[in-house]
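Down below is the structure, laid out as structure tokens.
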Amino acid sequence: MHAIQQQYWAVRDYLSPVLKESKFKEHGRITPEEFVAAGDFLAYKFPVWSWERGDASKARDYLPADKQYLVTRGVPCLRRATALAYTDADEDAERLLSFGDLSSTGNEADEWVETHTGRANTHDSAANPGEIDEIPDADDGAGDGGVSGAMGGLSLGDQGASAGEIPDMDDIPDMEEEDLEAAEDEATAAPTKPVADSEGLEPCEVEVAKGNLLQVRTYDVMITYDKYYQTPRIWLIGYDENRTPLTPSQIFQDVSADHAFKTVTIEPFPHSATLQAASVHPCKHASVMKKVIERMNQGVIEEQQARRASGGAPVQKDKRGKWLFRRASGNGKDDKISAPPGEEDVEGMRVDFYLVVFLKFIASIVPTIEVDSTTAF
Amino acid sequence: MPIVQFAPLNSLVEPPFWHALTDFKIDVLRLDDTAVPVTASYSAGRSVKDRETGREISLGCNLSVNGDAYKEDLQLPPHSVPVTGIFKNFNTIEDFKAADKTVLFNSVADEIWKSIIEDRSTAQLSRFLLITFADLKKYKYYYWFAFPAFVAKPAWVIDDDWKAADEEFSEDALVAIQQDLHTNPRPFFLIRTSSGKLELAPVESYDTFFAEVPSEQRTIGFLDPSAAPSNPGWPLRNLLAYLRAVHPASTSKLRVICWRDTELPGEGHWRSRVGVLSQAAGASAEAHAKPGAVGWEKNVQGKLAPRMADLAPMMDPTRLADQAV
């Protein structure tokens, strides 16, 4: 069934035309050219991202041969998404974050809300006994046990995964050869597991790890262009702390529960003949991106108008002018605001930012994988 | 004075490498089990800040092998340096078990030593060995890496502890190093400051580059795949062996910078570490004799044994169909 579905997708993808006209403000979709422009911007601003060629036989002709997809390697993932399940208690813990450089002002419109900021502390029942009391502990009386017990119950595929984590001993050829290296080498550092000290870590956060080890997984994250949905599409290949590839069920532990098995599935990676990777299905990307862009665009336009009015623009303009300037061709409501006939007066949010915004959206689906390196700015 | 402990390299095999191996084995190698050259890469060690506890967690000291490893013109990830190695695939698990690993290991160590003594080159200092057995029907790959490193006798000790680079170098100097390495990534380099200006040079030009420089202003640098605060990465071991063998007179005490900043630190701090290493006298008696080498990678259980990558969940069509509901 799945195979038939994949064939169908492949045919559909082949038949669908390449989007020619820029639609990113109206529909949240982008053309391949805009994908390349946004990718160039992302790779320049955040050099952890780079373009890849991929398998030559799978190259898409609507993208430049050396810019088939974007990749970043070794993205850390400190905790499982299941450990992030929130309780009502930290609903109000919100904080405004400003990414000054990203949107080049300290304008309030550019601030993002970080929710659940004080969460680590609220877990500490000894320090905050009052708040814990507010949680109705239905079955097991102890406040702390109630929270972490509920969390433990939420973890997804936990049992199967921890069983799968230790490979069958029978499968490994029994060939320990300690005599290969004569003596212990005093200049070799002990195996450096990322050890976390026991303080400040609740058992539920460490999850399946034994002995308070943080299981630092790493992910290779790829962004391809999906021709049918005309949006970027994200792909994940994961490794556990011993650098062995993760199985699909382990990857789903890092996907927020709303999305695992629904929007995140294992699919053949389009730029390789054989590789399979976890992917976030892009069917809703365009509509979500449209909403986010509309909201951001409003802020960007106001800011640009304000800057033009104040006349203090030149320096900023030069700095930004380095970027390939693309104007959206549509005539949405944004363009009515930018009615003045001047050339690059009020352009709104440029498509270059598309992937930066896209990553923030993806970060909500895979909350513990730090794909969104852009917050560092 | 504490002995310097080096963080061993960890192999990180990207699944595309196994896919490429499958094709390579079926289409090119077939039953041929001669050694083939492969290329891997490493980049500066990274650490992440845990947002909840505020601690820095260092990520592994990784050498990654990707699907391009057999190709001549491989595309390296940004800021990383290539490492060539020898790859040997065995046809049966019995061959894999029975192979004389000591001989294989020593041959690679010999090649490294030869490149030091005869070629005086640093290009092969991080040469590695990879032996594999691919169970293609079950999508299981047994593999074992070795990163030969020469054992210094007596061991290197560190004068003080490793310090943050910005305690030893000015901000401008560090920015200059970052920019030089950004345009021209190199695994090993020399640093000197002449008339207030900082310069970098390849290690091969040690004699000319450091000719006029007093020994306390000389610095040896290397791209450090380790991110642990007091453990420099594995590649430094062979660099030190190289310096001791090629320039025995002036290298019993060295200032070393472990370069870990591929990007300028935004508001954070510099991650690179600086330390002054020294080796007790009595080492250079026979500088050209090959020292012993260590470096087999340990498996998940911490034993000297091969690792296994089980890609059945990601490659086996029947299992993929199962999870696709």
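Descriptive notes on the structure:
- Which of B:Lys71, A:Lys25, B:Lys298 has the fewest Cβ neighbours within 10 Å, and the rest in rising order: B:Lys71, B:Lys298, A:Lys25
- In chain B, the longest principal axis of the Cα atoms and the axis of helix B:171-183 are about 40 degrees apart.
- Rounded, prolate or oblate (a/c below 1.5 giving rounded, otherwise prolate when a/b exceeds b/c) for the range A:33-80 by Cα gyration tensor: oblate
- Rel. contact order, % - alpha carbon contacts under 8 angstrom, at least six apart, chain B: 23
- Taking the longest Cα principal axis of chain B as reference, the axis of helix B:15-24 is set at about 60 degrees.
- Segment B:Val175-B:Ile26, extension gain: residue separation times 0.36 nm, minus the distance between their alpha carbons: 48.8 nm
- Across the range B:156-286, C-alpha contacts under 8 Å between residues 6 or more apart give a mean separation that, scaled by the residue count, equals a relative contact order of 34 percent.
- Size of charge dipole - chain B - debye, nearest 20, with Cβ of Lys, Arg +1 and Asp, Glu -1, no other charges: 780
- Estimated distance in nm for a label pair at B:Asn91 and B:Ala280, the labels positioned 7 Å out from Cα along Cα-to-Cβ: 5.2
- Contour minus Cα-Cα distance for A:Gln298 and A:Ala65 (0.36 nm per residue): 80.3 nm
- Rounded to the nearest 0.05, the FRET efficiency derived from the C-beta distance between B:Lys153 and B:Thr34 at R0 = 45 Å is 0.85.
- With the charge dipole of the range B:21-136 set up from +1 on Lys and Arg Cβ and -1 on Asp and Glu Cβ about the Cα centre, the Cα lying farthest toward the positive end among the listed residues B:Thr53, B:Thr22, B:Phe90 is that of B:Thr53.
- Multiplying the residue separation of B:Leu136 and B:Glu263 by 0.36 nm and removing their Cα-Cα distance gives an extension gain of 41.7 nm.
- Footprinting exposure proxy for B:Leu264, A:Leu15 (fewest neighbouring C-beta atoms within 10 Å first): A:Leu15, B:Leu264
Rule-based calculations on the coordinates, nothing more; no lab input. Owing to the predicted nature of the structure, the values given are computational and were not obtained by experimental measurement. Counting neighbours? That spans all protein chains shown, and the Cβs are built from the backbone with ideal geometry, glycine included.
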